[in-house]
Each structure stands twice: as structure tokens, then as C-alpha cells.
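See structure below.
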Amino acid sequence: MKLKLLAAALCVSVVGIASTGASAGTLDDTKARGTVRCGVNTGLPGFGYQNDKGEWAGLDVDYCKAIAAAVFGDASKVVYSPLSAVQRFPALQNNEIDVLARNTTWTMSRDTALGLTFAGVNFYDGQGFMVRKALGVTSALQLSGATVCVQSGTTTELNLADYFAANNMQYNPVVIEAQSDVNSAYDSGRCDVLTTDQSGLYASRLELGNPDDNMVLPEIISKEPLGPAVRQGDDQWFNVVKWTHFALLNAEELGVTQANVDEMKNSTNPEIRRLLGVEGTFGSDAGLTNDFVVRIVKAVGNYGEIFERNVGQNSPLGIARGQNALWTKGGLQYGPPIR
């Protein structure tokens, strides 16, 4: 009897654990609803923000659009949920959104303790510091005793503490929840230093009263691999988001662009034919159409086009590809093959 009771208890326990994971059919739920629910930044130029027309734009936003294009063939079928750093994980865990595409760092604890799964890295970044030029500082190692503005609930806050402790320096943190308020506090002179991912510093600099009076210091103090995340427990939806990312990278590597994607369907290159669904059933095996990559590229272009449009050197942010170049160009971006 005791063994039966123990077995029953274990069964209940396993069911309880399973019930806390992702729905077993996020793709089906998304199709039935008719929209992808995408968690984005509350306002980070270049990554996730509303433009002058009130439209959502940015690198992360284009990932939301790419997923919608893959699922529906229509990049407009997205419901955007602007989330602060504190709000983002509960929103995903509680099934309020289907995917979190919000400049979020992939870490071990977020995989293990928070029950998230990252679908890839869409931007390799690292934490840095911005100061006023008038401060006369040229290195982060000169910041002992400084007052530092930082966003709460982020790896940024933790890295800041580690960096100053490791270098035996003191600092006074000003911890604020919303990044826009962090920027305002720095701009008003409440703190000497603004710290966040270096890409975010370039975005934040644009919002300051006198951008040219501020400079980003050379030090990068952390690894910040940013990318979209989903809930654990739904491999099909994870595959959809993951292979949307890889499709964007492979399209760039193979020279498939928003302008030539229809023409490229006539290519004799086997890799291109598999990528665009001319050969094989790779899309339908994932619960999508075989031409899902065509849908994606028509909607938003390839990864390189997304990067340059939103954060590249011809954008207001002016960020070089650097580590975010393709592996064939000396960077870290690498898409596994479709075959």
C-alpha cells in the first residue's frame, strides 16, 4: 500500500511540474488566435521602440515580424507587449506572451532557474560605461567613487557590482526600473556614469539633451549574448523561433535578400533551394509552410538587412557589425544548415 501511495504521489508531483511548463501547443494556440504575442522593450532605439508614426520598429521588433511572417505569411500579425526588465520574465512564464524579443542576455540561471529557452543570439554585446566628456575620464578604471545609474532587475546591475569589487573600487549605485528613467537621471546630473549594454549606450546617447557632450568608454566588462527566448516544454514552438533566426542568417550567407528572394527560387544551388522550400519538406516538418523562409525574407529581409536598417553604420546608432558579422566575415553569427 505504501508503495502504491508513493507511486501516486510521484505521479501527481510529475504532473504538477509539467503543468508549470509551456503549453504543449503554442504554435497551434498562436495560429488559432491569429497573432504572435511578442514581448519587447518599452523603448530602446534601434532594438525595440515606437517611431514617430507610433509604429513598432527595431532589430528585436523585426524578429517578432519575422516569426509572424513564418507562421502566417503576414508580418503585421503581432501583438506587442512593451515590458520593463522586471516584467519581462513573469510575462513569459505566465503565458502572457509567446516569445520575448527584448535585448535579453542568455545566462545559465535563466535557462535553469527561470525555465526559459533561448533560441539563439541575435546580437553579441557587452556591458560598457558612458560619461560626460567634461568629467575628464578616459577609462572605467578611473571611476572609483562615482555615482552610477543602472537599471534594476538586469545582469547589468550584477556585472556592475562584480567589476567594481574585482578592481577594488567603490561606487554609489542609483538603481531605477525603467531604462528611460535611468537615462533621464543621468541626463539631469543625478549620476556621473550610465551603464548598460554597449549597444544600449549608443541608443541612450541619442536621447540625451546634448549627445555630443557624452562619450562611451572603451572597456567592455561582460559577455552579453542577447536573443529571443521562449518557455521551456514546447519543442515545436522553440524550433519555430530558433529556425526563424537561423533562416535569417543562412539567407544572408547565401545572398538571398528582400529584393531578390523570388528570383533566387530559380537557383540551381541545392542549399538555396532547400532554404527557400523548393526542395524538401523542412518547413512542413516544423509545422510551417515549406516556403516559410521566403515569407520571412520578403517581410523583413535577411539578418544583415535587419542589422543595417536598425543599428548599422548607416543608422542613427552607427554600430559596426564586429562580432555580429557572419562567421564567413570574421564574426560569430553562424546558422546551422537546412538539410
Hey, does region 279-296 have a residue that's touching a residue at least 40 places away in the same chain (Cβ under 8 Å), of a type in the set (A, V, I, L, M) and not in a helix (DSSP H, G or I)? yes
Kindly indicate whether GLY301 is surrounded by 19 or more Cβ atoms within 10 Å (Cβ to Cβ), closer than 20 Å to VAL71 by Cα and either among the polar types (S, T, N, Q) or touching a residue at least 24 places away in the same chain (Cβ under 8 Å) (or both). yes
In region 123-152, the residues that are out of contact with any Phe, Trp or Tyr (no Cβ under 6 Å at 6 or more places or on another chain), open to solvent by less than 40 Å² (accessible area, probe 1.4 Å) and outside any strand (DSSP E or B): GLY126, VAL137, SER139, LEU143, SER152
Some residue of region 163-172 being part of a strand (DSSP E or B), over 26 Å from the mean Cα position of the chain (by Cα) and surrounded by fewer than 16 Cβ atoms within 10 Å (Cβ to Cβ): yes
Of all residues being out of contact with any Asp or Glu (no Cβ under 8 Å at 6 or more places or on another chain) and of a type in the set (A, V, I, L, M) in region 120-158, which is nearest to LEU206 (Cα to Cα)? Just the residue, please. MET130
Would you point out the residue of region 200-253, among those that are part of a helix (DSSP H, G or I) and of a type in the set (Gly, Ala, Ser), that is surrounded by the fewest Cβ atoms within 10 Å (Cβ to Cβ)? SER204
When every residue in region 78-110 that is assigned to a loop (DSSP other than H, G, I, E, B), of a type in the set (S, T, N, Q) and touching an Asp or Glu at 6+ places or on another chain (Cβ under 7 Å) is compared, the one farthest from ASP181 (Cα to Cα) is ASN103
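Look at THR155 and say whether it is of a type in the set (Val, Ile, Thr), open to solvent by 10 Å² or more (accessible area, probe 1.4 Å) and more than 14 Å from ILE221 (Cα to Cα). Step through it out loud before you land on a result.
On the way: of a type in the set (Val, Ile, Thr): yes; open to solvent by 10 Å² or more (accessible area, probe 1.4 Å): yes; more than 14 Å from ILE221 (Cα to Cα): no.
In short, no.
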For region 67-100, which residues satisfy the criterion of being under 18 Å from LYS242 (Cα atoms) and out of contact with any Gly (no Cβ under 9 Å at 6 or more places or on another chain)? ILE67, ALA68, ALA69, GLY73, ALA75, VAL78
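The values are calculated or read from the model by the stated rules, or taken from the named source; none is laboratory data. These numbers were taken from a predicted model, which means no experiment stands behind them. Reconstructed Cβ throughout: ideal geometry from the backbone, glycine too, with neighbour counts over all protein chains shown. Note: areas computed on protein heavy atoms with side chains; ligands, DNA, RNA excluded. Shrake-Rupley method; radii C 1.70, N 1.55, O 1.52, S 1.80 Å.
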